[in-house]
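See structure below.
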Amino acid sequence: MRKYSLIIFLLLVFAIGYTQNKQVLYDFAGLPQTLLLNPGAEVENKFHVGMPLFSQVSAQGGFTGFSTYDIFADNGIDINDKIKAAVNKYGTAEFVAFNQQLELLSGGFRLPNNDYLSFGFYEEVDFLAKIPRDMVDLFYEGNTVIDRQYSIKKLAIRAEMVGVLHAGLSKKINEKWNLGIRAKIYSGVFNINSKSNSGSFYTEEGTHNIYRQHLDNVNFLMQTSGVIFHDGEEIDGSYVKSKLLFGGNLGFGVDVGFTHHYSKQWTITGSILDVGFINNSKNVESFIAKGDYQVEGVQLSFDPDNPENYWGDLKDDFDNSTVLDTLYKSYISFRPVKLNGSASYSFGQKYDDCRFFTDRGLYVNKMGFQLFSTVGAVHSYIAGTLFYERWINKYLQAKLTYTADPYSFSNLGFGLSTKIGIFNTYFAADNLLSLQNIYDAKSASFQLGINFIFEDKN
Amino acid sequence: MKNIKINKITVTALVILSLMGCTKDVDFNQLDDASIHTTFISTLIYLNLTAPDFLNDLNQEIRVTSDFIEPPITDETKPYLEKVEFTVITKNTFNRNFKLSITFYDALGTPIYVLQPIINVPENSSELTTIVEIPKTDIPYIYNTKYFVFSIILSPSTDGSVILISDTSKFDLKSSAKLFFNYRKI
């Protein structure tokens with residue numbers, strides 16, 4: 001049972017339903033956490049320390065297929081009719097995703113040469129499953145439609161839990177350019193990876209029998225590490241902690257980014273995150289299935305002198321036509337690469353109408369466009385965001401976003417960042433329109449945290 | 001001063017909006033009533049029998065011809081399987097009637113279930129389709145079964161004639177199974 005603990009855990013995660021788009025937090029309010037989204041972001045601090053365990057807590061989840069409300073609405077409609085309606089509107093392939101990050105340590109300080117060095121450690125759980133409609137139909141309806149091909153071509157799964165130790169440098173090159181780079185050491189607790197699957201199952205009218213059933217050009221591979229155990233290893237908190245703290249499968253990654261002031265009021269930023277890999281070598285168990293097979297049934301011979309092992313013969317024939325194997329060879333998994341970009345226009349006065357001094361930057365307002373994309377072998381995702389950011393007073397900054405992504409075209413997000421003295425707290429969330437009924441949201445995300453930020457008085 | 005107030009009101013409203021999640025009525029207990037009815041079809045056995053299959057070494061008629069199959073049956077689907085429907089298509093060009101019987105045996109070799117009704121295949125019959133069902137109440141027998149015996153019973157001829165080795169008649173049978181599952185909360 002113990003060896004299935006992580007599988008059960010993953011199934012629970014699956015039920016919650018991801019993206020890694022932090023559109024509200026990106027380039028927001030000069031927060032230290034923006035350096036994790038763009039190592040080339042500009043920060044004006046002398047140094048900062050994140051509140052241990054609370055400098056960034058974030059969770060994001062989503063399912064493109066249907067919402068909780070679609071199924072569980074208390075509206076007098078039979079749940080089976082609602083399930084049927086949800087299945088009917090299911091696309092060619094929908095995806096369910098979840099991402100959670102917890103920053104355990106965060107800090108940074110300005111070097112004598114004016115570069116800003118930031119570092120920290122965070123834990124991340126990442127899950128994504130792409131489920132083709134064919135598999136849903138096969139489970140929901142069965143295989144009674146003759147000649148219908150049920151394909152696994154779009155089936156893909158990626159799940160992992162990692163601890164990430166990182167250090168980055170943000171360097172002001174000149175008045176127009178700020179560049180940054182961050183190095184990361186990953187320690188993987190577990191990893192599941194299945195992609196580029198192919199093959200289909202179908203039933204057609206037979207020649208010798210009523211039906212002939214086919215497994216056609218099947219090629220399936222699922223790699224796992226840290227999921228299945230045979231040596232009696234205990235899966236508990238101390239196990240996870242030890243794996244997170246460099247006792248797991250190790251890897252290396254890099255983030256790079258920039259900020260470019262195209263003109264006094266126009267700014268362009270961009271970053272590429274998690275260009276990296278993990279070498280999965282511990283508790284590796286991978287499953288492979290490939291081949292073709294067709295069967296019309298069993299032809300009985302009625303020969304009492306030579307009784308046949310029909311089922312054994314069928315199994316041997318299947319085994320000879322296909323490859324079903326378990327591999328214990330280490331493998332490399334690549335982290336999903338994240339791309340961020342933005343173009344913004346700043347405007348407004350340094351002193352606002354209320355006669356207080358905004359004390360930061362030249363402009364009170366900023367508006368623009370952001371682009372986010374994940375590029376992965378399992379799944380790629382793109383989102384576009386329009387945003388407006390404003391200093392409300394010298395202590396408070398707000399950002400409003402509108403995002404269009406595969407989940408929704410009506411995603412409004414909002415973020416607030418306060419800083420009183422050295423104490424900074426921030427909160428960002430999206431899908432505000434769905435707050436009217438959070439059960440109807442196909443995705444949701446939030447980030448919050450507390451920092452102690454010491455300004456550079458020079 | 002007026003603008004400060006407006007800002008404060010705006011911020012307060014936005015904070016409340018962002019912190020206060022509303023929900024419409026949902027009822028997760030509905031899951032108790034959820035059931036997914038799924039039907040799978042599977043190809044089964046087929047036969048192409050000729051005169052020698054009904055004769056012994058002395059070319060005498062064998063009244064009962066039997067064979068058995070021993071598929072591995074696991075309990076995993078037991079809670080969800082509600083009905084099994086067999087479709088049997090026969091074609092008989094012999095001048096003799098046949099009866100087809102399928103008996104389920106447990107691990108001790110004891111017959112525990114006979115598929116009803118026994119399928120009658122009339123003499124000189126063209127393609128006939130018979131559907132035989134294992135109802136929900138009899139499903140447990142499947143999971144207690146170790147092997148199935150298929151028997152073809154040759155009925156006596158009305159005119160005293162017998163099957164000869166030179167007879168070119170054929171007895172063909174095709175079959176499939178339809179498995180009706182109901183995935184529900186157990």
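Computed from the coordinates by the stated procedures, all read-outs in this text should not be read as laboratory data. Computed from a predicted model, the values in this text were never measured in an experiment. Note that each Cβ is placed from the backbone with ideal geometry, even for glycine, and that neighbours are counted across all protein chains shown.
Per-residue ellipticity at 222 nm computed for chain B from its helices equals -4000 deg cm²/dmol, with DSSP H segments shorter than 4 residues left out and the rest contributing -39,500 (n - 2.57).
Distance distribution P(r), region A:229-355, all Cα-Cα pairs, bin width 10 angstrom from 0: 9, 17, 17, 15, 16, 12, 7, 4, 2, 1, 0 percent.
Working from label points 7 Å from Cα in the Cα-to-Cβ sense, the B:Asp27 to A:Leu111 distance is 6.4 nm. Per-residue 3J(HN,Hα) values for region A:84-96, derived from phi via the Karplus relation 6.51 cos²θ - 1.76 cosθ + 1.60 with θ = phi - 60°, read 4, 5, 5, 5, 4, 9, 5, x, 4, 7, 10, 10, 10 Hz in sequence order (x marks Gly and Pro). Averaging 1/r over each pair of different alpha-carbon atoms in region A:121-165 and inverting the result gives 12.9 Å, the Kirkwood hydrodynamic radius. By the count of other C-beta atoms within 10 Å, a proxy for reagent exposure, B:Glu61, A:Glu42, A:Glu233 are ordered fewest to most as A:Glu233, B:Glu61, A:Glu42.
How would you classify region B:114-159 from its alpha-carbon gyration tensor, with a ≥ b ≥ c the square roots of the eigenvalues: rounded for a/c under 1.5, else prolate if a/b is greater than b/c, otherwise oblate? Prolate shape, in that a/c is at least 1.5 and a/b is the bigger ratio. Legend: mean number of C-beta atoms from other chains within 10 angstrom of residue C-beta atoms, peptide A:297-307, equals 6. Taken over the Cα atoms of region B:36-184, the convex hull encloses 114 Å³ per residue.
Using R0 = 30 Å, the C-beta based FRET efficiency linking A:Lys290 and A:Phe369 works out to 0.10. Under the simplified labelling scheme, the B:Arg184-A:Trp177 pair shows an inter-label distance of 6.9 nm, with each label point 7 Å from Cα along Cα→Cβ. Among the listed pairs A:Lys184/A:Lys419; A:Lys89/A:Lys130; A:Lys89/A:Lys338, which are separated by more than 25 Å between their Cα atoms? Pairs exceeding 25 Å: A:Lys184/A:Lys419; A:Lys89/A:Lys338. Within the straight-line cut-off of under 18 Å between alpha carbons, the lysines reachable from B:Lys174 are B:Lys91, B:Lys99, sequence neighbours fewer than 8 places apart in one chain being disregarded.
Counting Cβ atoms of other protein chains within 10 Å of each Cβ in A:204-211 and taking the mean gives 5. The distance from the alpha carbon centre of region B:102-141 to that of region A:152-178 is 63 Å, rounded to a whole number. Here each label is just a point 7 Å from Cα along the line to Cβ, and for B:Leu128 and B:Ile73 those points are 2.6 nm apart.
Here B:Lys178 is the anchor, and the lysines within straight C-alpha reach of less than 16 Å, apart from those fewer than 8 places off in the same chain, are B:Lys78, B:Lys83, B:Lys136.
Averaging 1/r over every pair of different alpha carbons in region A:165-207 and inverting the result gives a Kirkwood radius of 16.4 Å. Separation of the alpha carbons by more than 26 angstrom is noted, of A:Lys282/B:Lys185; A:Lys172/A:Lys366; A:Lys82/A:Lys399, for A:Lys282/B:Lys185; A:Lys82/A:Lys399.
Thinking of region A:106-220 as a set of Cα atoms, what percent of all their pairs are more than 18 Å apart? Across region A:106-220, Cα pairs with separations above 18 Å total 69 percent. Looking at region A:166-283, the pairs of alpha carbons with a distance over 26 Å make up 55% of the total. Running Debye on the protein assembly as shown with equal point scatterers at the Cα sites and no solvent, what base-10 log of I(q)/I(0) appears at q = 0.07, 0.09, 0.10 Å⁻¹? With no solvent term, the Cα-only Debye profile gives -0.61, -0.85, -0.98. Using θ = phi - 60° in the Karplus curve 6.51 cos²θ - 1.76 cosθ + 1.60, the 3J(HN,Hα) couplings for region A:40-51 round to x, 5, 8, 10, 10, 6, 7, 7, 9, 9, x, 4 Hz; x is entered for Gly and Pro. Near the amide H of B:Ile62, within less than 5 Å, lie the amide hydrogens of B:Leu55, B:Asn56, all on another chain or at least 5 residues away, with H placed in the peptide plane. Taking every Cα-Cα distance in region B:47-115 and sorting them into 10 Å bins starting at zero, the pair-distance distribution P(r) comes out as 12, 38, 31, 15, 4 percent. With a cut-off of 11 Å between beta carbons, the residues surrounding A:Leu215 carry a summed charge of -1, where Lys and Arg count +1 and Asp and Glu -1. If the chain linking A:Val145 and A:Ala167 were pulled fully straight, counting 0.36 nm for each residue of separation and taking away their Cα-Cα distance, it would gain 2.3 nm.
Rounded to the nearest 0.05, the FRET efficiency derived from the C-beta distance between A:Glu233 and B:Thr158 at R0 = 56 Å is 0.15.
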